[in-house]
């Protein structure tokens, strides 16, 4: 599925019309929106993996591809945070150094669990058997617990510190990296995941903030393709 050039966008990059201040009204949805994708997709994945019939290689391959995609989104999100947020705060907010260390330690824990998932995923793909599927689902469950706990903490104390100590331009760098680091062919699917649970007014405001060609694509061809993709991934085979 092709996507018009211009990237996939992101939440609004500044907290005021003149770009002079960052705002929680910008930073909070910018963080919670992608976290909500993780909170939805990973529990779904462990359930769907457990439902795959023993030896169903085609179904296993489809779910493996989706799981890798969402894991890649987590990696990009955390890379963006480390490069554009957590690297800047200790010097500007020395009192937050311990909090930043906690965020980074949690990233390391999450990505160690991610490595376990990827190992188990390769085994399941090669065998498609129920035993390796259960081992993979258990790895996804452990990863999800750690990731969600991290997201909950990150959505609390750190956000006002980010607002106080980062500029709108620096927040924009974070959004731009997170929006464009994924391969172009996967961006419409990622955008679909991000918009799936948005209330209609927020979704329309978000689409309206994008370049016109991209917004039109995501409302039409992109939306149809995402609906078909989701139906295939989330169908339960009997």
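Some observations on this one:
- Placing a label point 7 Å from the Cα of residue 112 along the Cα-to-Cβ direction, none of the residues of the stretch 51-83 has a backbone N under 13 Å of that point.
- Rounded tilt (10° steps) of 97-127 against the dominant C-alpha axis of the chain: 20
- Taking the longest Cα principal axis of the chain as reference, the axis of helix 24-50 is set at about 10 degrees.
- Translational diffusion of the stretch 149-238, estimated by Stokes-Einstein from the Kirkwood radius over alpha carbon pairs at 20 °C in a medium of 1.002 mPa s, is 138 µm² per second.
- When each of 85, 49, 161 is scored by the number of other beta-carbon atoms lying within 10 Å, the sequence from fewest to most is 161, 85, 49.
- Relative to its residue count, the chain spans a Cα convex hull of 115 Å³ per residue.
- Stretching the chain fully between residue 44 and residue 155 yields a gain of 37.7 nm (0.36 nm per residue, less the alpha carbon separation).
- Sorted by Cβ neighbour density within 10 Å, fewest at the top, the residues 226, 177: 177, 226
- Mean residue ellipticity (222 nm) of the chain, computed from DSSP H runs ≥ 4 via -39,500 (n - 2.57), nearest 500: -24000 deg cm²/dmol
- Compared with the direct C-alpha span, the chain from residue 164 to residue 61 gains 32.6 nm at full extension, assuming 0.36 nm per residue.
- Residue separation of residue 231 and residue 24 scaled by 0.36 nm, minus their Cα-Cα distance, works out to 71.1 nm of gained length.
- Globularity index of the stretch 99-172, i.e. its alpha-carbon radius of gyration over 2.2 N^0.38 Å: 1.49
- The chain: angle of helix 130-154 to the longest principal axis, Cα-based, in degrees nearest 10: 10
Read the figures in this text as sums done on the coordinates, not as results from a lab. For clarity, every value in this text was computed on a predicted model and none was experimentally measured. Using ideal geometry, Cβ is built from the backbone for each residue, glycine included, and neighbour counts are taken over all protein chains shown.
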